[in-house]
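Structure, as C-alpha cells:
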Amino acid sequence: MGKRYCFFSAQYLPHMGGVENYTYNIAQELIKRGNEVVVVTNNTTNSCQHEYMGQIEVLRIPCFNFLNGRFPVMRLNTQFRKIDHYLKQKSFDIVIVNARFYLHSIYGALYAKKKEIPCICIEHGTSHLSVNNKILDYIGGVYEHMHTAVLKKICKNYYGVSKACCEWSGHFRIQSKGVLYNAVDLDRINSLKQNAVRDFRKENDIDHEAVIVVFTGRLLKEKGIFELIKAVEKYNQSGQSLYLLIAGDGPEKSGVEQHKSKYIIPLGRLGFPDIVSLLNQSDIFCLPSVSEGLATSALEAAACGCYIITTERGGTKELIATSDYGTVMKDNSVRNVYQALVNAVEDKEKRKKAQQLCYEKLESEFTWKHTADRLEKIVNSK
C-alpha cells in the first residue's frame with residue numbers, strides 16, 4: 001500500500017531552482033510507485049493557491065518575496081489560515097522539509113510535531129545565503145544560526161542532497177543521518193538526446209570540430225559565471241578559438257550580456273529539451289561555483305557526455321571521484337579556470353575516458369530511482 005508524503009518546500013514550480021526541481025522529481029518518482037504527494041510551498045510567483053500539477057497536489061501560502069523570491073517569508077493572513085485549516089484535516093505518513101533555513105521550514109516541522117508525524121529535513125546548501133554585501137551577509141548568518149537552533153528543537157532527523165551538504169550541517173552542530181542524493185531522470189534525458197530539437201552549432205555558426213564550453217543554471221555571482229567568461233576570453237586572446245554558450249536567467253543576466261561576442265554566447269533561459277540538446281552538442285561543462293549543494297546542471301551535463309570542470313565547494317566533486325572523472329579545482333580564480341580549460345581542450349582522449357566513467361557513476365548512484373529507494377527505506381523504518 002502506498003504512503004502519503006507531505007513536502008514543505010520553500011519554493012516550488014513554476015519558480016525555478018535546485019530545491020524546486022528536487023521536490024518535483026522525487027515527488028514524480030514516488031507517485032510512480034503508488035504513493036500520494038502533497039507539496040506545501042510559498043506563493044513566490046502569484047500562482048494558483050490550490051491546484052494539482054499532474055498528480056501532485058500543490059498548496060501555495062501567501063508570502064513576501066525578499067531577494068526576488070530567493071528568501072520568501074510567509075504572510076499569516078486569511079489565505080494562510082485557510083491552507084493551515086485544510087492541512088489540519090489531512091493525514092500523512094511523513095513530512096519532508098526542503099530546505100532548512102526558511103520560516104516555512106519551521107512551519108512544516110511544527111505541523112509534523114503537532115500531528116505526531118515523522119519529520120525529516122533535507123539540507124541543500126554548503127554555505128550561508130549571500131547577497132554579496134558583508135553587513136547583510138553577517139546579519140543573515142546570525143539569523144540562520146538562530147533559526148536553525150529553533151528548528152533543531154522541533155525536527156531531529158537531518159539528511160543532505162550530498163555528503164558536502166551533510167558536512168555543512170555540522171557547522172550548525174547537526175549530525176546528519178545520511179544522503180538523499182540530488183539526481184537526474186536518465187531515461188528522459190536519453191530519450192531527448194535521440195530527438196534533438198535544436199542545432200546550436202548551426203544556429204551560432206560554430207564549426208563541427210570547434211570545442212564548446214557550456215554553462216547552464218542560474219546567473220548568480222556565486223556560480224562563478226564571470227570567472228568563467230574571463231577565462232574563455234583569456235583563452236581566445238592567444239589566437240585560439242573556444243566557444244562559451246551560457247543558458248540561464250538570473251540577477252546577473254545584464255552583466256553576462258555585456259560580454260556577448262562571437263565566442264561568448266548568452267542564450268537566455270531554455271526549456272529542458274533545449275538544455276539537453278545544448279549539453280549533448282557541447283564538449284565541456286564548467287561550473288566554477290563558490291557554493292553548491294549538488295548541482296543538477298552538472299548531473300545533466302554528465303548524462304549528456306560533457307567533460308566536467310568544477311570546484312571543491314559543494315557536492316559536484318562527489319560525481320568526480322578522481323581526476324580520471326573530470327577536473328576539480330581548488331577555487332574558482334580566473335587563473336585556475338583558464339588552466340583547467342586549457343588542459344581539457346588539449347587532451348581529447350582524457351575527456352572521452354572521463355565522460356564514460358562519469359556516466360557509469362551517474363547511472364549507479366545519481367538517479368531518482370536510487371534516491372527514492374533510500375527515502376522509502378527511511379519512511380518504512382519510522
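Since every read-out is calculated from the coordinates, none of them should be taken as a lab result. Computed from a predicted structure; not experimentally measured. Quick reminder, even Gly has a Cβ in these numbers, built from the backbone with ideal geometry, and neighbours come from all protein chains shown.
Compute the FRET efficiency between residue 33 and residue 114 as 1/(1 + (r/R0)^6), taking r as their Cβ-Cβ distance and R0 = 25 Å, and round to the nearest 0.05.
Details: r = 28 Å, r/R0 = 1.12.
E(calc), rounded to 0.05, equals 0.35.
Each of 360, 292, 29 has some number of other Cβ atoms within 10 Å of its Cβ, and from fewest to most they run 360, 29, 292. Charges were assigned to the Cβ only: +1 to each Lys and Arg, -1 to each Asp and Glu. The resulting dipole of the chain about its Cα centre is roughly 1400 debye. Tell me which of 258, 211, 196 sits at the most positive position along the dipole axis of region 186-365, charges placed on C-beta atoms (Lys, Arg +1; Asp, Glu -1). Towards the positive end, the residue furthest out is 258.
Starting from the Kirkwood radius over alpha-carbon pairs of region 186-365, derive D by Stokes-Einstein at 25 °C in a medium of 0.890 mPa s and give it in µm² s⁻¹.
Details: Rh = 16.0 Å.
Translational D for this selection: 153 µm²/s.
This ranking places 20, 363 by how few other beta-carbon atoms lie within 10 Å of each, fewest first, which gives 363, 20. The modelled label-to-label distance between residue 167 and residue 4, using points 7 Å beyond Cα along the C-beta direction, is 4.0 nm. Applying 1/(1 + (r/R0)^6) with r as the Cβ-Cβ distance of residue 374 and residue 51 and R0 = 35 angstrom yields a FRET efficiency of 0.75. Measure out, as a whole number of angstrom, how far apart the alpha-carbon centroids of region 343-372 and region 122-141 sit. Each part's Cα centre sits 31 Å from the other's.
In deg cm²/dmol, rounded to 500, what helix-only [θ] at 222 nm does the chain give when every DSSP H run of at least 4 residues adds -39500 (n - 2.57) and the total is split over its residues?
Working: 14 runs with 159 residues, N = 382.
One gets -12500 deg cm²/dmol as the mean residue ellipticity at 222 nm.
With neighbours defined as other Cβ atoms within 10 Å of a residue's Cβ, the residues 310, 367 order from fewest to most as 367, 310.
Run the numbers on region 186-365 and let me know its relative contact order in percent, using alpha-carbon pairs under 8 Å that are six or more apart. Before the final figure, lay out each step's value.
Working: 319 pairs, mean separation 41.7, N = 180.
It rounds to 23 percent for region 186-365.
Report the calculated FRET efficiency for residue 16 and residue 65 (r = Cβ-Cβ distance, R0 = 25 Å), to the nearest 0.05. FRET efficiency, residue 16 to residue 65: 0.95.
Per-residue counts of other Cβ atoms within 10 Å, averaged by peptide: what ranking do you get for 320-330, 94-104, highest first? If you can, show how the numbers build up before the last one.
Numbers: 320-330: 17.0, 94-104: 24.5.
Highest to lowest by the protection proxy: 94-104, 320-330.
The value of relative contact order for the chain, using C-alpha pairs under 8 Å at least six residues apart, is 13 percent.
Starting from 0.36 nm per residue, how many nanometres of slack lie between residue 130 and residue 237 once their C-alpha separation is accounted for? Don't jump to the answer; show the numbers that get you there.
Details: separation 107, 0.36 × 107 = 38.52 nm, distance 3.28 nm.
Taking residue 130 through residue 237 to full extension adds about 35.2 nm, to one decimal.
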